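Encoded as structure tokens, the structure appears first; notes follow it.
The values are calculated or read from the model by the stated rules, or taken from the named source; none is laboratory data. Just so it is clear, the model here is predicted, and its values are computed rather than measured. Positions of Cβ are backbone-derived with ideal geometry, glycine not excepted, and every protein chain shown enters the neighbour counts.
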Amino acid sequence: MSDLGPLGDGSRVAIIGGGPGGVGCALALRHLAGRLGRHLRITVVEGKQFAGERHHNLCVGLLSAPLPALMADCLGLPFPNHLSHAGVAGYVLHTAKEQILLEDEQRASVTLRRVQFDDYMLEAARQRGIEILAARAVDVDFHADSVMVYTESMPIEADVVVGAFGMDDSCIATFTRATRYRPPKYLFSMLANYDPGLAVIEGLYSYVHAFLPRSPEIEFGAITPKGDYVTINMAGVAVDRPAMQRFLALPEVCAVLPALRGPAFDFDRLPVLKGRFPRSLANHYYGDRYVMVGDAAGLVRAFKGKGVTSAVQTGIRAAETMLQRGISSGAFADSYEKANRDITGDAFYGSAVRLLVTLSARFGLIDPVVRAAKHDADVRRGLFGAVSAHEPYRRILEEMLHYHAVLAVTRAMLPATRS
């Protein structure tokens, strides 16, 4: 076993979680170690079976830059364009009374089935000699010279463990017991795949329809076209299946998917999945011989998530720290934490945007913002940033609160006030 310095030749890494963060970290370790002339023993522990779509990770599957470049440059792996359903031309934002088309051709996204992306990543890891252990991690013990990861099938003795388990309750409990790690706060997410008919899907073209309803329980929702079906998702602090049914009954949602009003639609037969995603940073997400990446660390873009890109990005940064600086708490603080300041430094502003948008929607104040955006480029740019999360939230907040934007929104409120 190694000391707490950089991983050397023959070091072993155990990664709990076979999603984009865990496999991204494994591939980055293999890619960078090869450049440094080191051979690592890497094991990814994943209990789900993505091949054949037997299991799923709850995710809309909307992927955007800089993910393709990260995969090519840091993982040595091409982006799976063959799995893409369509490019996303932009967003149509709906409020209770207004809607607006928001486009930005320079920052395109693509949609795909998340389970197929996960399977692609895992297969690439296998081909590069990374061990994929089809089991669940059940416990972990830390020692002065190693960490022991216990799984359903066999124990793994490693130099360092990477937590890429998302919001898995069992793994959270394990690391909360064994370390100072405390998980992030989260929102609940409800998701369903639905086939409204080819004509409806073609009518949606390649736009994501985003919704900010006047609801105390639903923070936002979306309809994302996927080629031969659509993904419907919504999120909130305490949403559940009945909340999903209420969301699908909203007039603005039914206007996009008229079949939801029809007699042929039976909500009871709609398979609705429930999951969680972080809305805050985890506490003590690294320490001696352990580091969390992606959702487990809460290292996602606040409000909108963009979890796949952030997971791969943080997996790469963890790999670089372990190979170049070390696997101690000090090494992670000096390198990994600093590398993620583009995410953590924007978290406060992201929370502020989330609060501003959700309260505005709840009290009907988002409607004049949309009306102003139809005529004012600055307001429209800020609104696009809030919906797409392509820009840093600090910049988005500055644009939304700029005096010119505030004046435009104030003017848009006047007709409603006088009526």
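Summary of computed values
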{"read-out": "Unique match (being touching a Phe, Trp or Tyr at 6+ places or on another chain (Cβ under 9 Å), of a type in the set (A, V, I, L, M, F, W, C) and at pLDDT 80 or above) among A72, A124", "value": "A72"}
{"read-out": "In region 322-333, the residues that are out of contact with any Lys or Arg (no Cβ under 6 Å at 6 or more places or on another chain) and buried (at least 24 other Cβ atoms within 10 Å of the Cβ)", "value": "M322, F332"}
{"read-out": "Residue that is without any contact (Cβ under 8 Å) to a residue 40 or more places away in the chain, part of a helix (DSSP H, G or I) and closer than 24 Å to P184 by Cα, where the choices are R317, R394, R354", "value": "R317"}
{"read-out": "Unmet requirement for V110, which otherwise passes all of (1) in a strand (DSSP E or B); (2) modelled with pLDDT under 95; (3) more than 22 Å from I316 (Cβ to Cβ)", "value": "(3)"}
{"read-out": "Options M167, M154: the member that is assigned by TED's automatic domain parsing to the domain that holds C25 and under 30 Å from L383 (Cα atoms)", "value": "M167"}
{"read-out": "For T314: the one exception among (1) under 27 Å from G18 (Cβ atoms); (2) out of contact with any Lys or Arg (no Cβ under 9 Å at 6 or more places or on another chain); (3) outside the structural domain of R41 (by TED's automatic domain parsing)", "value": "(3)"}
{"read-out": "Subset of region 135-166 [crowded, with 20+ Cβ neighbours inside 10 Å and farther than 19 Å from R41 by Cα]", "value": "F165, G166"}
{"read-out": "Set Y336, Y349: member being surrounded by 24 or more Cβ atoms within 10 Å (Cβ to Cβ), closer than 26 Å to L63 by Cβ and without any contact (Cβ under 8 Å) to a residue 60 or more places away in the chain", "value": "Y336"}
{"read-out": "Region 209-239, residues that are in a loop (DSSP other than H, G, I, E, B) and of a type in the set (F, W, Y)", "value": "Y229"}
{"read-out": "Number of the exception - G326 against (1) over 29 Å from L112 (Cα atoms); (2) at pLDDT 95 or above; (3) part of a helix (DSSP H, G or I)", "value": "(3)"}
{"read-out": "The listed residue being small (G, A, S), within 16 Å of the chain's Cα centre (by Cα) and under 24 Å from V312 (Cβ atoms), out of G227, G166, G236", "value": "G166"}
{"read-out": "Test: residue in region 43-61 that is over 15 Å from the mean Cα position of the chain (by Cα), closer than 22 Å to G294 by Cβ, modelled with pLDDT of 95 or more and among the aliphatic types (A, V, I, L, M)", "value": "yes"}
{"read-out": "Number of positions in region 240-271 that are of a type in the set (G, A, S), part of a helix (DSSP H, G or I) and within 21 Å of Q99 (Cα to Cα)", "value": "2"}
{"read-out": "Residue that is surrounded by the most Cβ atoms within 10 Å (Cβ to Cβ) [pool: residues in region 380-409 that are β-branched (V, I, T) and in contact with a helix residue (DSSP H, G or I) (Cβ under 8 Å, 6 or more places away or on another chain)]", "value": "I396"}
{"read-out": "Residue match in region 16-30 (condition: in a helix (DSSP H, G or I), farther than 23 Å from D334 by Cβ, assigned by TED's automatic domain parsing to the domain that holds L133 and of a type in the set (K, R))", "value": "yes"}
{"read-out": "Residue within region 170-185 that is under 24 Å from T314 (Cβ atoms), in a strand (DSSP E or B) and touching a residue at least 40 places away in the same chain (Cβ under 8 Å) present", "value": "yes"}
